[in-house]
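Notes follow the structure.
The values are calculated or read from the model by the stated rules, or taken from the named source; none is laboratory data. All values reported here derive from a predicted model rather than from experimental measurement. Here the Cβ positions follow ideal geometry from the backbone for every residue, glycine too, while neighbour counts run over all protein chains shown.
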Amino acid sequence: MKRKTLTQYLVEQQRSANALHAELRLLIEIVSRACKTISHSVSKGALGGVLGSLESENVQGEVQKKLDVISNEVLLEANEWGGHLAAMASEEMETIHLIPNRYPKGEYLLLFDPLDGSSNIDVNVSIGTIFSVLKAPASASGRDINESDFLQPGRTQVAAGYAIYGPQTMLVLTIGQGVVGFTLDREMGSWVLTHENLIIPEDTKELAVNMSNMRHWAPPMKRYVQECLDGTSGERDKNFNMRWIASMVADVHRLITRGGIFMYPWDDREPNKPGKLRLMYEANPMSMLVEQAGGMATNGTSRILDIEPHALHERVSVMLGSKNEVARVTQYHLDAAT
Ligand code: AHG
Ligand code: MN
Ligand code: MN
């Protein structure tokens, strides 16, 4: 069977009724090419001198790994010159990155978590890159983009995706027409369409959550997880399985492939922080993918894609995946709030 490449898929989408804009197509091609480069560095590991940390910290006070910085540079350089972007923003940069004046500018805004799952780099566990695409607001035409132009709710994203650097390197993408997956054919150097229509089953018996934080959670979170742990001897009357990779990309990839619920909730260690994960670089793109695959994504009480962001590096509590489980844990939070 002759399989489609990413380029063929995108050209077909461009020609179809819901025509994909040519600049957006170029953007996706360029991001996917950058992910190939990152994948190559990741796979070299110690041989490429890419493991370990730097002296620096990012804007969120996290120690930067060499690969965080390398991946950020690869994405910036790849996307600067194409003429498709107005500006970029990254988890690893304090403020937005404008397109240098020597290059033409386009109408899209690109946001990324260049290397997700940093704590797994040095231990050879799956990591990834997450990206989100917005349109620059019409009011920005004729002037420089500023940070507030990025502060749009996730439902306005025109595309989102991730690359996962695991046993296989894959690219999982949505342009608002469902979710598709491509596998990197290393010999040919091309992304090949291997997963045509990824759907998350509504029910699941698998949860992903960092249980070591349980004592810090709010009562509705504790209630939901405790009921799962009780299995057939409790309220739920079914046994659950648990997985926690600590790379959101890998945990989300598993639930996009076979269902599951992923949670990184608020906890009382830093009560003023809504959560650990970042709204613009992690929660929004993953929520668009999950909804496009038939799942659900909330912060415990509201749909993530409807949250009005107030800051580029804003954090959020995240519960996403199989619809019926996300609806249940959300209901527990709503019940507790009334
Ligand atoms: P990043 O490496 O981009 O900072 O993201 C790490 C995130 C996410 O990928 C993962 O789900 C979570 O942090 C793991 O956190 P814990 O180590 O607290 O479990
Ligand atoms: Mn991340
Ligand atoms: Mn990261």
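Observations, loosely collected:
So that you can scan it fast, the table gives a plain yes or no per residue for (1) in a loop (DSSP other than H, G, I, E, B); (2) surrounded by 24 or more Cβ atoms within 10 Å (Cβ to Cβ); (3) among the hydroxyl-bearing types (S, T, Y); (4) within 16 Å of ligand 1 (Cβ to nearest atom):
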site	(1), (2), (3), (4)
R102	yes, no, no, no
S119	no, no, yes, yes
G128	no, yes, no, yes
L134	no, yes, no, no
D144	yes, no, no, no
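- Strands (runs of 3 or more DSSP E) lying entirely in the stretch 176-242 (those with 1 or more residues that are surrounded by 13 or more Cβ atoms within 10 Å (Cβ to Cβ) and in contact with a His (Cβ under 9 Å, 6 or more places away or on another chain)): 180-185
- No other residue among S247, S317, S322 is under 17 Å from G128 (Cβ atoms) and in contact with a strand residue (DSSP E or B) (Cβ under 8 Å, 6 or more places away or on another chain) apart from S247.
- So R254, is it assigned by TED's automatic domain parsing to the domain that holds R215, under 14 Å from the mean Cα position of the chain (by Cα), farther than 23 Å from R223 by Cα and within 15 Å of ligand 2 (Cβ to nearest atom): no
- Any hit, the stretch 148-157, residues being part of a strand (DSSP E or B), assigned by TED's automatic domain parsing to the domain that holds L75 and under 25 Å from A297 (Cα atoms): no
- In the stretch 82-91 there is at least one residue matching the filter, namely being surrounded by fewer than 20 Cβ atoms within 10 Å (Cβ to Cβ) and touching a Pro at 6+ places or on another chain (Cβ under 9 Å).
- Count - residues of the stretch 71-100 that are within 16 Å of ligand 1 (Cβ to nearest atom) and hydroxyl-bearing (S, T, Y): 2
- Checked against (1) free of Cβ contacts under 8 Å to residues at least 12 places away in the same chain; (2) within 16 Å of ligand 2 (Cβ to nearest atom), D185 meets all criteria but (2).
- Taking the criterion of being within 13 Å of the chain's Cα centre (by Cα) and either of a type in the set (S, T, N, Q) or buried (at least 23 other Cβ atoms within 10 Å of the Cβ) (or both), the only residue of the stretch 257-277 that qualifies is F262.
- Test set (1) crowded, with 23+ Cβ neighbours inside 10 Å; (2) farther than 22 Å from R278 by Cα; (3) of a type in the set (D, E) - D113 fails condition number: (2)
- Residue in the stretch 124-136 that is modelled with pLDDT of 95 or more, over 15 Å from the mean Cα position of the chain (by Cα) and within 21 Å of Q64 (Cα to Cα) present: yes
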